[in-house]
Amino acid sequence: MKLRVLLLALALIGVSAVPARAQALVADLSEHLIAITTGFSGTDVLLFGSTEGEGEVIVILRGPDTPVVVRRKERIAGIWINRDQVTFSGAPSFYRIAASRPLEEITTPELRAKHQIGIDQIRVLPDRRLPPEILAEFRAGLLRNKVRQGFYAEEVGRVSFLGPRLFRTRIYLPANVPPGAYTVEALLVQGGEVIAAQTTPMFVSKVGIGAEVYDFAHRYAAVYGLVAVLVAAFAGWGAGAVFRKV
Amino acid sequence: MSIYLPIAEMSVNVWVLLAFGGAIGFLSGLFGIGGGFLLTPLLIFLGVPPAVAAATGANTVIAPSVSGILSALRRRTIDLKMGAILVVGGLAGSAASVWIFSLLRRLGQIDLAVSLGYVLLLGTIGGLMFLESVRAMRRRKAAGGTPRGRLHRHTWIHGLPLKMRFPSSRLYISALVPAGIGFGVGVLSGLMGVGGGFIMVPAMIYVVGMPTSLVVGTSQLQIIVVSASVTILQSYANHSVDVLLAAVLIAGSLVAAPYGVRFGARLRAEQLRILLALLVLAVAGQLAYRLVSVPGDLFSFEPAAAPVAAVTSE
């Protein structure tokens, strides 16, 4: 599986390393593989690059799209119960954005919508036709919950320029960062238009004991359950024996 | 110091987990209940996904129950015949619960069913236990000695067929009673991911009329078997058991369990029961409050169907 991920990474780098306009924007990450080890408690990832000519830089980090069910509670007979639900696809599992200047100053609403710049621009597709006001409510509910749990951030991070060409930004990945294939999009914006763009892949995956446990739990589910029971029973027996002697 | 939980997909402070485990172990030693009904809400409060919290809770309670039952076997404070019938009912119940679980999940009402079930059950049991223990304590004060209740009270329960003798418990009752209780607890265990000791202990005392000294060991037998079956079923069907989480909780609980036992030995039976009643009522009250209070956010989200398949295909 790791080999496959690596090959995919290489393929993606190969494809995406061709910028819109030759070398107008070059960017890369300090790390392409974020390893979630047993001691993982969040980490920073550094994106750096250089631009050719004038322009401002916007960086968007997106986790893999995962379908989600959004439910709304209603009060029935005094009790709050889940009533209506909408399944959305297209919502990234994780979203961060950074820019060299305030977004409103360097982009037009059309551009923000086109490139999904800012969490209010994230496009999600409902599983069925719905009146626009209902849809907006459910969508807002989803975004609000994603922000509260730290998967999305409303704040726009800072892309800082070091001199006229070189830029860098630091993106913090919290401890609950969902594993999967991420994309980091760097956009060079000039006069309200994207004049160059580059997408770099990034992988967040569990390694070490955590990865082994996860793999085992999914591949040999029944055996895993049995082992879990035996470990607990053995621990209980061992402790009983120890404390009886004390 | 934090540890990353591979199945829950989050990192938590090890000391917090050890403290939770310790609290559960202490209660387990004190009351002979697994403590799953407290553990699951505590883990959800930490941010562990509810499905993982419930399944891992079931896994965790096995450990203190195993040490408990071993000491019960040594002290002969267990009715194996009664325990066997409970287990049969319990296994049937936990199998039935898998079916009920998937039905409720399809309806999107699993949380509601679990919360309502908890509130009704804990409220009733806690309330009855509390009243009974208060009465027992009053009687004790008035009489100045150990109260002696009526040895035999006839109710409709004694009219049921399939009567059996339980020599250790000195009972002659229908096998349907313990089997029914075992079944009910098994269903609840599957739905809520708990061992069910908190229901079992009062039910055995008040419905079956077993001697309190035998109830703890006997209910632990049922807790072990049902929790083990829930752990395996949940691992198999939902991949929701986090062994790393369970291991840390178990470590904490095993260290604390003997202290619970020692503390319990210094209390009288009705004092123990009144404490357990208060605890059960507190949990019921908290859950009832959550059901009726205005939620902070009316909306909630969770990964859509078959998240497991989506993850494994990566």
| note | Of the conditions (1) surrounded by fewer than 19 Cβ atoms within 10 Å (Cβ to Cβ); (2) at pLDDT 90 or above; (3) among the charged types (D, E, K, R), the single one that A:E154 does not satisfy is (2)
| query | In the range A:67-108, what residues are among the aromatic types (F, W, Y) and modelled with pLDDT of 90 or more? | reply | A:F88, A:F94, A:Y95
| request: For A:A235, state whether it is modelled with pLDDT of 90 or more and either out of contact with any His (no Cβ under 8 Å at 6 or more places or on another chain) or closer than 26 Å to B:V230 by Cβ (or both). | output: yes
| remark: Going through the range B:99-135 in order, the residues found to be over 18 Å from the mean Cα position of the chain (by Cα) and at pLDDT below 80 are B:W99, B:S102, B:L103, B:L104, B:R105, B:R106, B:L107, B:G108, B:Q109, B:I110, B:L112
| Identity of the residue in the range A:50-68, out of contact with any Pro (no Cβ under 9 Å at 6 or more places or on another chain), farther than 15 Å from A:I122 by Cα and not acidic (D, E), that ends up surrounded by the fewest Cβ atoms within 10 Å (Cβ to Cβ) | A:G53
| task | Could you tell me whether the range B:263-280 includes any residue that is touching a helix residue (DSSP H, G or I) at 6+ places or on another chain (Cβ under 9 Å), at the interface with chain A (Cβ under 10 Å from one of its Cβ atoms) and modelled with pLDDT of 80 or more? | result | no
| Of the residues B:A51, B:A63, B:A19, which single one is touching a helix residue (DSSP H, G or I) at 6+ places or on another chain (Cβ under 7 Å) and surrounded by 23 or more Cβ atoms within 10 Å (Cβ to Cβ)? | B:A63
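Taking B:A228, is it under 18 Å from A:A233 (Cβ atoms) and at pLDDT 85 or above?
Yes, satisfied.
Looking at A:G39, A:G53, A:G49, which one is part of a loop (DSSP other than H, G, I, E, B) and closer than 29 Å to A:Y172 by Cβ? Explain how you work it out, then say what you get.
On the way: A:G53 fails: closer than 29 Å to A:Y172 by Cβ; A:G49 fails: part of a loop (DSSP other than H, G, I, E, B).
Result of the check over A:G39, A:G53, A:G49: A:G39.
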| note | Pairs returned, first residue in the range A:209-238 that is facing chain B (nearest Cβ under 7 Å) and farther than 20 Å from B:L233 by Cα, second residue that is at pLDDT 90 or above and assigned to a helix (DSSP H, G or I), beta-carbon separation under 6 angstrom, 6 or more apart or interchain, are A:A235/B:I250
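Name every residue in the range A:213-224 that is within 14 Å of B:V230 (Cα to Cα) and modelled with pLDDT under 90, in order of residue number.
Residues satisfying the conditions are A:A221, A:A222.
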| query | Does the range A:60-98 hold any residues that are of a type in the set (K, R) and facing chain B (nearest Cβ under 9 Å), and which are they? | reply | A:R71, A:R72, A:K73, A:R75, A:R83
| request: Keeping to the range A:159-174, report how many residues are under 22 Å from the mean Cα position of the chain (by Cα) and outside any strand (DSSP E or B). | output: 2
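Please give the helices (runs of 4 or more DSSP H) falling wholly within the range A:103-153 in which 1 or more residues are more than 30 Å from A:I195 (Cβ to Cβ) and under 20 Å from the mean Cα position of the chain (by Cα).
A:132-148
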| remark: Restricting the range B:242-253 to residues that are within 17 Å of the chain's Cα centre (by Cα) and within 7 Å of another protein chain (Cβ to nearest Cβ), the one surrounded by the fewest Cβ atoms within 10 Å (Cβ to Cβ) turns out to be B:I250
| request: Mind counting the residues in the range B:1-36 that are of a type in the set (F, W, Y), at pLDDT 80 or above and farther than 9 Å from B:S253 by Cα? | output: 2
| said: So A:P164 ticks every box in (1) closer than 17 Å to A:I60 by Cα; (2) of a type outside the set (D, E); (3) more than 14 Å from chain B (Cβ to nearest Cβ) but one. Which box is left unticked? | reply: (1)
| Any residue in the range B:207-221 that is within 11 Å of another protein chain (Cβ to nearest Cβ) and under 25 Å from A:Y224 (Cα atoms)? | yes
| Taking the condition at pLDDT 80 or above and crowded, with 19+ Cβ neighbours inside 10 Å, does B:G217 pass? | yes
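With A:V184, A:V194, A:V177 as the choices, which residue is touching a strand residue (DSSP E or B) at 6+ places or on another chain (Cβ under 6 Å), within 14 Å of chain B (Cβ to nearest Cβ), outside any helix (DSSP H, G or I) and surrounded by 15 or more Cβ atoms within 10 Å (Cβ to Cβ)?
It is A:V177.
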| Odd one out for B:Y172 among (1) surrounded by fewer than 23 Cβ atoms within 10 Å (Cβ to Cβ); (2) not in a strand (DSSP E or B) | (2)
| request: State whether one or more residues within the range A:57-66 are touching a helix residue (DSSP H, G or I) at 6+ places or on another chain (Cβ under 9 Å), assigned by TED's automatic domain parsing to the domain that holds A:R129 and modelled with pLDDT under 90. | output: yes
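With the structure loaded, tell me whether A:A91 is under 30 Å from A:R128 (Cα atoms) and touching a helix residue (DSSP H, G or I) at 6+ places or on another chain (Cβ under 8 Å) or whether it fails that test.
Answer is yes for this residue.
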| said: Which residue is surrounded by the fewest Cβ atoms within 10 Å (Cβ to Cβ), if the candidates are limited to the range A:122-151 and must be of a type in the set (V, I, T) and within 28 Å of A:P102 (Cα to Cα)? | reply: A:V147
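The values are calculated or read from the model by the stated rules, or taken from the named source; none is laboratory data. Keep in mind that what you see is a predicted model, and the values were worked out from it rather than measured. For neighbour counting, all protein chains shown are included, and Cβ atoms are generated from backbone atoms with ideal geometry for every residue, glycine included.
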